[in-house]
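Notes to accompany the following structure.
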Amino acid sequence: MAEIQEKSGGKKGGKKGKKLSTRIDLTPMVDLGFLLITFFIFTTTMAKPKTMEINMPVDEKKVEEKDKNKVKDYTAMTILLSKEHRVYYYTGIADDPMNPPDVKVTYFQNKNGIRDAIIALKKRVYEERNNGAAGHNPKDEPVILIKPAENSEYVDMVNILDEMQINGITTYALIDITEVDKGFISATEAANAGGAQ
């Protein structure tokens with residue numbers, strides 16, 4: 001609070017104007033400062049850390065033979081990220097070397113891009129599981145395996161993970177590309193180059 005102190009003149013008998021000086025007491029301001037700090041600490045919500053859920057591999061010794069291959073052929077899609085933002089993909093598990101999959105190439109584009117392929121996979125999986133075909137479980141979901149090649153770019157991996165979130169794909173895995181998959185890419189590039197000539 002402000003306080004006014006009066007000082008009288010120096011000479012006797014003479015009337016002079018009185019000098020007024022002010023002194024500001026800052027003690028209440030300190031109390032107010034601590035009160036505000038306390039108020040903001042108690043009213044501010046602490047930011048909760050956001051984490052990404054990671055499914056760690058299971059010890060193979062503990063996995064039974066029937067549970068080793070839970071991914072069903074009709075629910076699986078493999079996405080191969082390659083150079084120049086090319087995205088190769090095929091449906092199914094492709095575990096038969098005598099019957100290679102039909103590998104298609106696309107890009108991250110609005111029309112006829114990888115998003116359309118993911119939407120088509122989801123639609124097909126939901127239709128087949130709802131028809132009640134043999135071996136189809138009503139809880140089956142699309143499973144996508146993402147395999148970036150050495151010559152792919154980091155932005156493509158970020159884009160494909162965004163596509164998983166956008167399309168609501170809950171089961172997907174980011175794994176190393178195999179030599180077989182590299183062969184699929186080479187064969188598709190050769191077929192496209194031959195068809196372009």
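Looking at the range 160-184, which of its residues are polar (S, T, N, Q), touching a residue at least 24 places away in the same chain (Cβ under 8 Å) and surrounded by fewer than 13 Cβ atoms within 10 Å (Cβ to Cβ)? Selection gives 170, 178.
Being acidic (Asp, Glu) and closer than 23 Å to residue 178 by Cα is the filter; apply it to the range 104-159 and report the residue that is surrounded by the fewest Cβ atoms within 10 Å (Cβ to Cβ). Outline the logic, then answer.
Residues of the range 104-159 acidic (Asp, Glu): 116, 127-128, 140-141, 150, 153, 156.
Applying the additional criterion that residues be closer than 23 Å to residue 178 by Cα yields 150, 153, 156.
Numbers: 150: 8, 153: 14, 156: 23.
Ranking the qualifying residues of the range 104-159, first place goes to 150.
It is to be established whether one or more residues within the range 175-183 are outside any loop (DSSP other than H, G, I, E, B), among the small types (Gly, Ala, Ser) and either touching an Asp or Glu at 6+ places or on another chain (Cβ under 8 Å) or more than 13 Å from residue 79 (Cβ to Cβ) (or both).
The initial filter retains those residues of the range 175-183 that are outside any loop (DSSP other than H, G, I, E, B), namely 179-183.
Keeping just the survivors that are among the small types (Gly, Ala, Ser) gives 183.
Still in the list and also either touching an Asp or Glu at 6+ places or on another chain (Cβ under 8 Å) or more than 13 Å from residue 79 (Cβ to Cβ) (or both): 183.
Yes, because at least one residue in the range 175-183 is outside any loop (DSSP other than H, G, I, E, B), among the small types (Gly, Ala, Ser) and either touching an Asp or Glu at 6+ places or on another chain (Cβ under 8 Å) or more than 13 Å from residue 79 (Cβ to Cβ) (or both).
Within the range 77-93, restricting attention to residues that are surrounded by fewer than 19 Cβ atoms within 10 Å (Cβ to Cβ) and either touching a residue at least 60 places away in the same chain (Cβ under 8 Å) or not charged (D, E, K, R) (or both), the residue that is nearest to residue 130 (Cα to Cα) is 92. Got at least one residue in the range 19-42 being farther than 30 Å from residue 164 by Cα, modelled with pLDDT under 70 and basic (Lys, Arg)? Looking for residues that are farther than 30 Å from residue 164 by Cα, modelled with pLDDT under 70 and basic (Lys, Arg), one finds none in the range 19-42, hence no. Selection of first residues in the range 110-130 that are touching a residue at least 24 places away in the same chain (Cβ under 8 Å) and of second residues that are surrounded by 13 or more Cβ atoms within 10 Å (Cβ to Cβ) and part of a helix (DSSP H, G or I), restricted to Cβ pairs under 6 Å at least 6 apart or on distinct chains, gives the following pairs, ordered by first then second residue: 115/163; 125/75; 128/74.
The values are calculated or read from the model by the stated rules, or taken from the named source; none is laboratory data. Nothing here was measured: the structure is a model prediction, and the numbers come from that model. No Cβ is skipped: glycine too gets one built from the backbone with ideal geometry, and neighbour counts run over all protein chains shown.
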